[in-house]
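Chemist: If you scroll down you'll find the structure; I have some questions about it.
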Amino acid sequence: MLTLSSERFEKVQMEAPVGFQSYLVQVTKYQAARNCKTWIVGKWITPREQSSAPPGTHFHQFVVPPILSFRRDCTYGELAAMKLPDDVEGLGCCEYTMGRGVVHACHAGGVVHLLEGWTHHEVGAIDVDRIDLVWEAALKHGVKPVNNQD
């Protein structure tokens, strides 16, 4: 995990099951991952930063906007997306990588947050203890996952 924050690294590491925590290591430079073929990307990275990855790397993306598919010798995951109900009105957004009525999952989370009237902070690290609660609320409001394979 690329981060300068030991505190952030330790927090994420502790969220992993005990038997898998040792597989997560902290690095502070992209070059340290030159032998790692699985990159989980939570911040936008430049083509230069991507060049540190070895050929055959898969970039799992959790970042908006999506990173540029710069490397022909690598693969890039699709961003999670949600389809808003057809009767939604007055929501101004422009998701240039998505179809009409489809938004990035993080933006759908903000819509659900508003619809539910929640007052807790929605921005930042994912609160894994609330994933099921948010998922059920999304479905209740007619927000549905998009299968990017269709």
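Chemist: For a paramagnetic label modelled at 7 Å from the Cα of residue 69 toward its Cβ, which residues of the stretch 1-44 fall within the zone defined by backbone nitrogen distances under 20 Å?
Modeler: It comes to 37-44, nothing else.
Chemist: Follow-up question, since we're still on this one. Tell me the trypsin sites (Lys or Arg not before Pro) within the stretch 54-121 that lie in a loop according to DSSP and have at most 15 other beta-carbon atoms within 10 Å.
Modeler: Those that pass, being in a loop and sparsely packed, are 72, 100.
Chemist: Hey, another quick one. Compute the distribution of all C-alpha to C-alpha distances in the chain, in bins of 10 Å from 0, and list the percent of pairs in each, rounded to whole numbers.
Modeler: Values per bin, smallest distances first: 9, 32, 34, 21, 4.
Chemist: Shifting gears a bit: What fraction of the Cα pairs in the stretch 1-84, stated in percent, has a spacing above 20 angstrom?
Modeler: Numbers: 1346 of 3486 pairs.
More than 20 Å apart: 39 percent of the Cα pairs in the stretch 1-84.
Chemist: Check cross-link reach from residue 83 to the lysines: straight Cα distance under 30 Å, and skip same-chain residues fewer than eight apart.
Modeler: Cα-Cα hits under 30 Å: 43, 140, 144.
Chemist: Is the shape of the stretch 42-126 best called rounded, prolate or oblate, per the rule: a/c under 1.5 gives rounded, else a/b larger than b/c gives prolate, else oblate, with a ≥ b ≥ c the square roots of the Cα gyration tensor eigenvalues?
Modeler: Prolate, since a/c reaches 1.5 and a/b exceeds b/c.
Chemist: Sticking with this one: Just the number, please: carbon plus sulfur as a percent of the accessible area of the stretch 8-150, 1.4 Å probe, no ligands or DNA/RNA counted. Could you put the intermediate results ahead of the total?
Modeler: Working: 5770 of 10220 Å².
C and S fraction of accessible area: 56 percent.
Chemist: Ok, one more. So how tilted is helix 131-140 from the main axis of the chain? Cα-based, degrees 0 to 90, rounded to 10.
Modeler: 30 degrees
Chemist: How much FRET efficiency would the formula 1/(1 + (r/R0)^6) give for residue 14 and residue 118, where r is the Cβ-Cβ distance and R0 is 41 Å, rounded to 0.05?
Modeler: Using R0 = 41 Å, I get an efficiency of 0.95.
Chemist: Quick one: helix 6-15 against the long Cα principal axis of the chain, what's the angle to the nearest 10°, folded into 0 to 90?
Modeler: That works out to roughly 70 degrees.
Chemist: Continuing with the same structure: In degrees between 0 and 90, to the nearest 10, how far off the longest principal axis of the chain does helix 105-116 point, with axes built from Cα atoms?
Modeler: The answer is roughly 40 degrees.
Chemist: Residues with amide H under 5 Å of residue 41's amide H, sequence separation 5 or more or different chain, H placed in the peptide plane at 1.01 Å from N; which?
Modeler: 60, 61, 62
The values are calculated or read from the model by the stated rules, or taken from the named source; none is laboratory data. In this text the structure is predicted, and so the values were computed from the model without any measurement. Quick reminder, even Gly has a Cβ in these numbers, built from the backbone with ideal geometry, and neighbours come from all protein chains shown. Please note that ligands, DNA and RNA were not included when accessible areas were found on the heavy atoms of the full protein model with its side chains. Shrake-Rupley method; radii C 1.70, N 1.55, O 1.52, S 1.80 Å.
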